[in-house]
1. Of the peptides 115-123, 43-51, how do they stack up when ordered by the mean number of other Cβ atoms within 10 Å, highest first?
2. For the chain, set up a GNM with springs between Cα atoms under 10 Å and report which of Ile228, Ile219, Ile168 has the largest fluctuation.
3. Please figure out what share of the DSSP beta bridges in the stretch 2-254 is antiparallel and state it in percent, rounded to the nearest 5.
4. Could you give the angle, 0 to 90 degrees to the nearest 10, between helix 179-195's Cα long axis and the longest principal axis of the Cα atoms of the chain?
5. Calculate the radius of gyration of the Cα atoms of the stretch 86-152 to one decimal place, then report Dmax, the largest Cα-Cα distance, as a whole number, both in Å.
6. Going down the list Lys166/Lys187; Lys11/Lys48; Lys65/Lys220; Lys196/Lys235, which pairs span over 22 Å between their C-alpha atoms?
7. Counting only heavy atoms of the protein chains, get the accessible area per residue of the stretch 41-162 (1.4 Å probe) and round it to a whole Å² value.
8. Could you give the angle, 0 to 90 degrees to the nearest 10, between helix 149-161's Cα long axis and the longest principal axis of the Cα atoms of the chain?
Amino acid sequence: MYILQAENITKVYGGKFEINSNNALNGITLNIEEGEFTAIMGPSGSGKTTLLNILSGIDEPTLGKIKIMGRDITNFTRDDMAIFRRDNLGIISQDFDLLDDLTLEENAILPLFMRDDVDEEGMSDKVKELFQFFNIWEQKDKYPYNVSGGQQQRAAACRALITNPKIIMADEPTGNLDSKASTKFMKYMQMINENKNSTIIMVTHDSYAASFCKRVLFIKDGKMYTEIYRKEGKKDFFNRILDCLAIIGGEADEI
Ligand SMILES: Nc1ncnc2c1ncn2[C@@H]1O[C@H](COP(=O)(O)OP(=O)(O)OP(=O)(O)O)[C@@H](O)[C@H]1O
Ligand SMILES: [Mg+2]
């Protein structure tokens, strides 16, 4: 059974109902099985963030349908969506979305406070484990504007991971990380994918990060362009990803 099914997702910004090639998304159909580890790649402006925001219910499609765990999220009210997201999804957005008035640690534990079944002891162990793993434990009492972009990004990752979500949706989660932190993050993703069967959907422009995934979807001009599955080792898969990016076009630094 698919954990996520998206059918004919179309997005026209601005509310104008005009179907043309300038739409942010043009009829994307996508099925994700439980336990998949998928990267979404494509040039800047190709619609990756728009797609992820629609899959996570943050934004609404102009046309199309999304089912997650068999439930049609396009019919949810805002409140239903917020609860569904809280209970099932871990979202890391491209611009982190940390709250300025809370410390990094307070930001990271926020999703637990929104639950009824909060176990305070387990909570502090979990936040410590994550912060130590991602090397931001020393920054835990600082506010977002007093730490680096990479530290904010890791705190946002901890906030998304703290609830052990069934599905993780991450938009450029390694975009602000150096190669060491980026490798560590991807190894963590791989570990929870293998050990906890977490389903991961990750937008990235980084071919190395994508090479950890089992499947890479390429989008261009708001359409599905092609997809590849990993059958080989990470290094050969990395080369195959580069080949696809070369075919899809766009400047290397745009991807
Ligand atoms: N809020 C908005 N209002 C109008 N147009 C938008 C809005 N957000 C995105 N767009 C447009 O939709 C298209 C897709 O944008 P999107 O942010 O999804 O691209 P992306 O693939 O995530 O790019 P990047 O790699 O730069 O993050 C772009 O042409 C963009 O200009
Ligand atoms: Mg984006």
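1. Details: 115-123: 9.7, 43-51: 20.7.
Final packing ranking: 43-51, 115-123.
2. Ile228
3. Details: 20 of 37 bridges.
Taking every DSSP beta bridge within the stretch 2-254, about 55 percent pair in antiparallel fashion.
4. On a 0 to 90 degree scale, this one is about 90.
5. For the stretch 86-152, the Cα-based Rg and Dmax read 12.0, 33 Å.
6. Details: Lys166/Lys187 18 Å; Lys11/Lys48 12 Å; Lys65/Lys220 20 Å; Lys196/Lys235 25 Å.
From Lys166/Lys187; Lys11/Lys48; Lys65/Lys220; Lys196/Lys235, over 22 Å: Lys196/Lys235.
7. Details: 6060 Å² over 122 residues.
I get 50 Å² per residue for this part.
8. Compared with the principal axis, the helix lies near 90 degrees.
The values are calculated or read from the model by the stated rules, or taken from the named source; none is laboratory data. Keep in mind that this is a model prediction, so the values were computed, not measured. Reconstructed Cβ throughout: ideal geometry from the backbone, glycine too, with neighbour counts over all protein chains shown. Note: accessible area is taken over every heavy atom of the protein model, side chains too, but ligands, DNA and RNA are not part of it. Shrake-Rupley method; radii C 1.70, N 1.55, O 1.52, S 1.80 Å.
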